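Only the coordinates and a few stated rules stand behind these numbers; no lab work does. Treat the numbers as computed from the prediction; the structure is a model and nothing was measured. Note that we place each Cβ from the backbone using ideal geometry, even for glycine, and neighbour counts take in every protein chain shown.
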Amino acid sequence: MDVRLQTIAQNCLDGAYGNTMDFPDIVGTLMTAGFEGYTVDYRRGTSTYYLPDGDSVELANAETDGHVAAAFNQPAIADAIRTAQTKAAGYTYKGFCKTVKAAGCAGYLVSFSGRRVVYFGRTADVHVEHFPS
């Protein structure tokens, strides 16, 4: 992957953790650059950004508190997503990460063409969140 695309992916990751870019901004930026999606892996502490030709770049996530709980608590994950979507007072991406990990979210896959995010747990339980219309 060329340096320009790696830089775009890194800027989006930094923007999430720095609270300077929200999810719609990140999706728009990555789509415009030609990415087809990305995966956040809380157990490995990485985010991987994918191009349609199969190329990808894996980047290190910023450190966040907590660990991935064994049980998948879908209602708690859905609540955390709603908090992010409504930009509730005090929301931070780091706080989101801590909350969903405590609720058993091991990571999530974002598909731009599928217009959805699949949150998954250690036992392969899932919560599918469709992009708002």
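Computed quantities for the displayed model
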| quantity | calculated |
| --- | --- |
| The chain: angle of helix 93-102 to the longest principal axis, Cα-based, in degrees nearest 10 | 50 degrees |
| Order of Asp2, Asp125 under a 10 Å beta carbon neighbour criterion, fewest first | Asp2, Asp125 |
| Rounded tilt (10° steps) of 74-85 against the dominant C-alpha axis of the chain | 50 degrees |
| Positive-end residue of Gly18, Ser113, Phe72, charge dipole of region 3-127 with Cβ unit charges | Phe72 |
| Relative contact order (%) - criterion: Cα under 8 Å, at least six apart; region: region 3-127 | 24 percent |
| Under 15 Å from the Cα of Lys101 - aspartates and glutamates, other chains or at least 8 residues apart | Asp41, Glu63, Asp65, Asp79, Asp125 |
| Unit charges on C-beta of K, R, D, E only; dipole of region 1-56, Debye | 180 debye |
| Crossing angle, helix 3-17 versus the chain [Cα axis fit, 0-90 degrees, rounded to tens] | 20 degrees |
| Lys, Arg +1 and Asp, Glu -1 on Cβ, resulting dipole of the chain about Cα centre, debye, nearest 20 | 380 debye |
| Two-decimal ratio, the chain, of alpha-carbon radius of gyration to 2.2 N^0.38 Å | 0.99 |
